[in-house]
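Take a look at the structure set out below.
The values are calculated or read from the model by the stated rules, or taken from the named source; none is laboratory data. Predicted model, so just to flag it, every value in this text is computed and none were measured. Keep in mind that these areas ignore ligands, DNA and RNA; they rest on the heavy atoms of the full protein, side chains included. Shrake-Rupley method; radii C 1.70, N 1.55, O 1.52, S 1.80 Å.
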Amino acid sequence: MPPKIRKLIADLERAGFVNRGGKGDHRNFVHPDVARPVTIAGRLRR
């Protein structure tokens, strides 16, 4: 089973990525040492 969205986001933030927002249920994470943003598509259920 793939990891949950919350876990992916927590792992990215622990690695130094910053959430730059996104459109709809997409989130774009950037890091100063990575050339391209990482996009996570998925809805957080609350």
Per-residue ³J(HN,Hα) for the range 20-29, Karplus 6.51 cos²θ - 1.76 cosθ + 1.60, θ = phi - 60°, Hz, x for Gly and Pro: 9, x, x, 10, x, 9, 8, 10, 10, 10
Theoretical gain in end-to-end length, residue 15 to residue 1 [0.36 nm per residue, Cα-Cα removed]: 2.8 nm
Tail weight of P(r) past 15 Å, computed on alpha-carbon pairs of the chain, percent: 41 percent
Amide H within-cut-off set for residue 22, under 5 Å, with H built and near neighbours excluded: 28
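With every protein chain present, what is the per residue accessible area of the chain (1.4 Å probe, Å²)? Display every interim value, and only then the final one.
Details: 3880 Å² over 46 residues.
Ligands and nucleic acids excluded, the result is 84 Å² per residue.
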